[in-house]
1. Quick one: ASP133 ticks every box in (1) of a type in the set (Asp, Glu); (2) more than 10 Å from ligand 1 (Cβ to nearest atom); (3) touching a Gly at 6+ places or on another chain (Cβ under 6 Å) except a single one, so which number is it?
2. Report the residue count in the range 73-115 for those that are more than 9 Å from ligand 1 (Cβ to nearest atom) and not basic (Lys, Arg).
3. Across the range 203-215, what is the number of residues that are more than 6 Å from ligand 2 (Cβ to nearest atom) and buried (at least 19 other Cβ atoms within 10 Å of the Cβ)?
4. Tell me the residue from ALA136, ALA237 that is under 29 Å from GLY113 (Cβ atoms) and more than 13 Å from ligand 2 (Cβ to nearest atom), please.
5. In the range 141-157, is there at least one residue being out of contact with any helix residue (DSSP H, G or I) (no Cβ under 6 Å at 6 or more places or on another chain), of a type in the set (A, V, I, L, M, F, W, C) and modelled with pLDDT of 95 or more?
6. Mind checking which residues of the range 118-134 are among the β-branched types (Val, Ile, Thr) and either at pLDDT 95 or above or not in a loop (DSSP other than H, G, I, E, B) (or both)?
7. Got a sec? Which of ALA122, ALA91, ALA95, ALA73 is over 19 Å from ALA41 (Cβ atoms) and without any contact (Cβ under 8 Å) to a residue 12 or more places away in the chain?
Amino acid sequence: MKLLPMSLVAAAALLLAAAGTLVPTPTRAGEAATHATATVAALTPAELRRELAAMPAGDAARGERLYGQQFCASCHGAQGLTPSIHWPSVAGQRAAYTYKLLLDYQADRRHEGERAALMRDAVVGLSNQDLADLAAYTARLPRPVAGAPPAGATPAAIETLVRSGDRKRLLTACASCHGARGGGGTNGQPALAGQNPAYLVRTLLDYHGGTRANDPARGMRAFAARLTRDEVDALAAYYAGLPPRR
Ligand code: HEC
Ligand code: HEC
């Protein structure tokens, strides 16, 4: 385990100061340029299966200590609920997904910009056991309670996309992978219910444009590429507004 560079702590403080506002996050010199062009390929489905089969049993109590020591709480909140519109909540997320994502950040497989670089700095030098412990801890925290439901009823077309997909566009139902209540799946499919809507929009647009490229089998990139901007906004509002349940 390695201590965090002070620059990361300073960046966290700056970002936290901007929490809740639309102030753009500061870029560390050179970071965006190097990472926008980095091309570390996603794990293949077979590699992901191997990584998950080899995932150490997580020790949540040890994970809780690491969560404090590695400053995870300063960005993701003491209870895993993000204090900022810029960052995702990690509370109640499936351990397999959290573990996979932490491996991805370590190996630079998720490299959409300066935010991913902050995450890489937070986990570099941690062992697989450390990552599994962190994942076990965050999985235990209560899922985020849904924010205010989106204004007006969810458009029927969005419900249809979630439940049935759209055969004309080869869009598989979101619920078939992310669960009927947005609670996620056991094989690396994340829970979406109650997630920060600004993060959901950003990450769907990143898949859409291909800057987020850590999805095995390119599934999320292919689905997101076929969504319109309005659908991205509506799907984010829909999932952010779902109450926590598995
Ligand atoms: C300086 C702020 C910061 C620190 C410290 C930090 N994170 Fe993050 N984390 C982020 C940001 C920003 C993202 C979203 C990155 C992106 O959009 O690429 C993120 C993403 C994640 C994700 C992916 C979530 C998802 O839904 O895909 C996980 C898991 C995560 N962090 C866990 C952790 C853990 C565990 C620690 C401590 C070891 C930690 N983070 C430390 C800012 C931080
Ligand atoms: C075939 C299964 C599958 C389908 C269908 C699917 N997803 Fe996903 N989704 C995944 C997987 C697996 C991941 C994690 C990929 C990774 O590791 O980056 C993911 C990731 C995501 C993320 C990122 C979550 C985070 O915390 O960073 C969002 C948002 C998302 N999906 C939304 C959707 C929406 C909306 C739909 C329907 C239009 C959908 N997904 C359809 C499997 C699927």
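1. (2)
2. The qualifying residues number 14.
3. Step one: of the range 203-215, the residues more than 6 Å from ligand 2 (Cβ to nearest atom) are 205-213.
Checking which are buried (at least 19 other Cβ atoms within 10 Å of the Cβ) leaves us with 206-208, 212-213.
So the count comes out to 5.
4. Working: ALA237 fails: more than 13 Å from ligand 2 (Cβ to nearest atom).
ALA136 is the lone residue from the list that is under 29 Å from GLY113 (Cβ atoms) and more than 13 Å from ligand 2 (Cβ to nearest atom).
5. yes
6. Of the range 118-134, the ones among the β-branched types (Val, Ile, Thr) are 123-124.
Listed by number, the list holds a single entry, VAL123.
7. Details: ALA122 fails: without any contact (Cβ under 8 Å) to a residue 12 or more places away in the chain; ALA91 fails: without any contact (Cβ under 8 Å) to a residue 12 or more places away in the chain; ALA95 fails: without any contact (Cβ under 8 Å) to a residue 12 or more places away in the chain.
Result: ALA73 is the single residue among ALA122, ALA91, ALA95, ALA73 that is over 19 Å from ALA41 (Cβ atoms) and without any contact (Cβ under 8 Å) to a residue 12 or more places away in the chain.
Yes/no per residue for (1) crowded, with 18+ Cβ neighbours inside 10 Å; (2) over 28 Å from PRO243 (Cα atoms):
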residue: THR39; (1), (2): no, yes
residue: ARG49; (1), (2): no, yes
residue: ILE85; (1), (2): no, no
residue: VAL90; (1), (2): yes, no
residue: LEU102; (1), (2): yes, no
residue: ALA135; (1), (2): yes, no
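The values are calculated or read from the model by the stated rules, or taken from the named source; none is laboratory data. Keep in mind that this is a model prediction, so the values were computed, not measured. FYI the Cβ positions are ideal-geometry reconstructions off the backbone, even for glycines, and counts take in every protein chain you see.
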